Amino acid sequence: MEEPPGTESDAVTRGVRVGLAAYTLWGLLTIYWKQLGAFDALELIGWRMVFAGLVMAGVVSVRRTWPQLRAAFGHRTTLLRLGVAAVLLTGNWGSYVWAVTNDRVIETALGYFIAPLATMAIGVFVLREQPSTAQRVAFGLASIAVVILTISNGRPPWIAIVLAASWSLYGLTKRRIPLDAVDSLAGETFVLLVPAVAFLLVVGGRAGSVVDVADTRDWLFLAGTGVITAVPLMLFASAAKSIPFTLLGPLNLVVPVINFGLGWLLYDEPMPLDRVVGFAFVWAALLAVIVDRFRAAHGPAAVATSAPTFATLESTTD
């Protein structure tokens, strides 16, 4: 029987479109950050925090959620969690921007391919969730991939590991903050605003700094970092309200697919056979998990499940 217009099916369709828009924008941010490749990655993150803080202040004003944020900052435990999330987010953003500006885009793709598996590992080892057979297989395949890529590169894929670990721990911390995704990001940027300004004051006088050499074009791109931080997140927050996580999670793979394609095809980063083999093990691991999650979501037990576990493929922002 065909469902009438305006039903839950329509909401899911709209949610998928909005989610794809968010993930596509996140994936294309690699091109954006490449335009600022002449500057130090840490300095770029400092400016991103400043401009993101300004944009998020405007967003919070429009949404009229300052009372929730004031309450969060007045609660010691919540403020501590916002601080931890902010540090993890800084580490994730910093390693991502450093990798992009140092021609290691493919390694960022590996990190975001591994991130859902790292999230599941936290679910198993931190939250004591019981892994399924498919998840055990996925862990094994991902471990093999890291070994292969370590041998291939002559060193562990540190950027990918840091990206995956910081993103997964960030997701865990976010779950424990009593704010929605938009207000939580606002709180995190406000926590970092004073340290970011202090850092920029210290490095601003150095030769080659943004203040020293940036032209009008550079400043426009820097100012835009606040917008590119806020817009995809708000699209994601909208999508997360209307589609199940078992669908939202796999959509997150759009980001590393785009990064992989950009690094290989647009920026001519090397893709030798052993690296392809390493990625293939990661892709096999993700495929096993996605199939397992869809079966669980549509099986008899799914009816009794009111909310996804932390081991469900999760996603947040770059």
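Observations, loosely collected:
- Comparing Asp292, Asp212, Asp103 in a Gaussian network model of the chain, where Cα atoms under 10 Å apart are tied by springs, the biggest mean-square fluctuation is seen for Asp212.
- Sparsely packed loop sites in segment 121-196 (the trypsin sites (Lys or Arg not before Pro) outside DSSP H, G, I, E and B with at most 13 other Cβ atoms within 10 Å) comprise Arg128, Arg176.
- Cα-centre dipole for the chain with unit charges at Cβ (Lys and Arg positive, Asp and Glu negative), debye to 20: 780
- MRE, 222 nm, helices only [DSSP H, n ≥ 4, -39500 (n - 2.57), over the chain, to nearest 500]: -25500 deg cm²/dmol
- Spatially, segment 216-282 and segment 62-95 are offset by 24 Å when compared through their Cα centroids.
- FRET E, pair Asn102, Ser9, Förster distance 35 Å, beta-carbon r, rounded to 0.05: 0.20
- Relative contact order for the chain: 38 percent, from Cα pairs under 8 Å spaced at least 6 residues apart, divided by residue count.
- Charge context of Ala138, other residues only, Cβ under 12 angstrom, K/R +1, D/E -1: +1
- Per residue, the accessible area of the chain comes to 47 Å² when a 1.4 Å probe rolls over the protein heavy atoms.
- The charge dipole of segment 84-174, taken about the Cα centre with unit charges on the Cβ atoms of Lys, Arg (+1) and Asp, Glu (-1), comes to about 140 debye, rounded to the nearest 20.
- Summary of packing: across the peptides 217-228, 193-204, 233-244, the per-residue average of other C-beta atoms within 10 Å ranks them, highest first, as 233-244, 217-228, 193-204.
- Each label point was placed 7 Å from the Cα along the Cα-to-Cβ direction; for Val124 and Leu220 their separation is 4.9 nm.
- Computed FRET value (nearest 0.05) for Ile144 with Phe294, which takes r as the C-beta separation and R₀ as 35 Å: 0.90
- Pairwise label distance in nanometres, Asn153 with Leu54, each label 7 Å out on the Cα-Cβ vector: 3.5
- Relative contact order (%) - segment 96-229, alpha-carbon pairs under 8 angstrom, separation at least six: 24
- Relative contact order of segment 1-119, defined on C-alpha pairs under 8 angstrom at six or more residues apart (%): 37
- Gain on full stretching of the segment that runs from Asp268 to Val16 - 0.36 nm per residue minus C-alpha separation: 87.6 nm
- Between Ala207 and Leu79, the distance separating the two model label sites (each 7 Å from Cα on the Cα→Cβ line) works out to 4.3 nm.
- Two-decimal log10 I(q)/I(0) for segment 40-81, as the Debye equation yields it once each C-alpha is a single scatterer, q = 0.21, 0.32, 0.33 Å⁻¹: -0.79, -0.93, -0.95
- Of Leu179, Asn102, Val202, farthest towards positive along the dipole that unit charges on Lys, Arg, Asp, Glu beta carbons give the chain: Leu179
The values are calculated or read from the model by the stated rules, or taken from the named source; none is laboratory data. Nothing here was measured: the structure is a model prediction, and the numbers come from that model. Because the Cβ atoms are built from the backbone with ideal geometry, glycine has one as well, and the counts that use them run over all protein chains shown. The area values use the complete protein model at the heavy-atom level, side chains included, leaving out ligands, DNA and RNA. Shrake-Rupley method; radii C 1.70, N 1.55, O 1.52, S 1.80 Å.
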